[in-house]
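Data block below; observations after.
The values are calculated or read from the model by the stated rules, or taken from the named source; none is laboratory data. Predicted model only: the values in this text are computed from it and were never measured. Here the Cβ positions follow ideal geometry from the backbone for every residue, glycine too, while neighbour counts run over all protein chains shown.
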Amino acid sequence: MCHQTVGLVARALEAAGMPTLCLTAAYSITAAANPPRAAFVDVPLGNTVGRPHDPEFQRDVLRRALAAAQTMDVPGTITDLGVSWDGDGSWKRFASSTGVGSGDGEDDRRQRLDTPQYQYEADRLAAGG
């Protein structure tokens, strides 16, 4: 499910009285979706709860997320859990390149926008934008 959809679902659940917590590895996308509360982990997309076959790492992520959720009382809060895929961030050199750029390992993807982009006006309105 895309981050915007998760943010909209989280807001609907919260409006119905059910607390939510979004766990994300995409800070800027989550900020644009503006869920009621979210926890950020510095890991590759698709691995939000941690490394495959590493249950202790995964449990640590979940423990940190649940502990952080208890202190988030301002809507739209995104808390960095301090979890990283590796100690030096080297995984980002490979995740940030399309392979068609300069070849020096720099981020050659299209620039992200600071403002949310919505496909439909109804989506913008539902997101409170």
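So, SER84, is that one under 21 Å from LEU125 (Cα atoms), out of contact with any Ser or Thr (no Cβ under 9 Å at 6 or more places or on another chain), of a type in the set (S, T, N, Q) and modelled with pLDDT of 80 or more or not?
Details: under 21 Å from LEU125 (Cα atoms): no; out of contact with any Ser or Thr (no Cβ under 9 Å at 6 or more places or on another chain): yes; of a type in the set (S, T, N, Q): yes; modelled with pLDDT of 80 or more: yes.
Considered against the rule, which asks whether it is under 21 Å from LEU125 (Cα atoms), out of contact with any Ser or Thr (no Cβ under 9 Å at 6 or more places or on another chain), of a type in the set (S, T, N, Q) and modelled with pLDDT of 80 or more, SER84 comes out as no.
When the stretch 6-35 is limited to residues that are without any contact (Cβ under 8 Å) to a residue 12 or more places away in the chain and outside any helix (DSSP H, G or I), the one that is farthest from GLN70 (Cα to Cα) turns out to be ALA16. In the set (1) loosely packed, with under 14 Cβ neighbours inside 10 Å; (2) of a type in the set (A, V, I, L, M); (3) modelled with pLDDT of 85 or more, the condition left unmet by VAL100 is number (3).
Only one residue in VAL61, VAL43 is surrounded by 17 or more Cβ atoms within 10 Å (Cβ to Cβ) and either within 11 Å of the chain's Cα centre (by Cα) or touching a residue at least 60 places away in the same chain (Cβ under 8 Å) (or both). Which one? First the steps, then the outcome.
Details: VAL61 fails: either within 11 Å of the chain's Cα centre (by Cα) or touching a residue at least 60 places away in the same chain (Cβ under 8 Å) (or both).
Exactly one of VAL61, VAL43 is surrounded by 17 or more Cβ atoms within 10 Å (Cβ to Cβ) and either within 11 Å of the chain's Cα centre (by Cα) or touching a residue at least 60 places away in the same chain (Cβ under 8 Å) (or both), namely VAL43.
In the stretch 70-89, which residue that is over 27 Å from THR115 (Cβ atoms) and among the polar types (S, T, N, Q) is surrounded by the fewest Cβ atoms within 10 Å (Cβ to Cβ)?
Initially, the stretch 70-89 is screened for residues over 27 Å from THR115 (Cβ atoms), giving 70-71, 82-88.
So of that shortlist, the ones also among the polar types (S, T, N, Q) come out as 70-71, 84.
Values: GLN70: 8, THR71: 10, SER84: 14.
Here the answer is GLN70.
Kindly indicate whether GLY129 is among the small types (Gly, Ala, Ser) and modelled with pLDDT of 85 or more. Break it down into steps so the answer makes sense when it comes.
Values: among the small types (Gly, Ala, Ser): yes; modelled with pLDDT of 85 or more: no.
No; evaluated as a whole, the condition is false for this residue.
Looking at VAL43, VAL61, just one residue is closer than 19 Å to GLY87 by Cα and at pLDDT 90 or above, and that residue is VAL61. Among the conditions (1) at pLDDT 85 or above; (2) of a type outside the set (S, T, N, Q); (3) part of a helix (DSSP H, G or I); (4) crowded, with 18+ Cβ neighbours inside 10 Å, ALA67 misses just one, which is (4).
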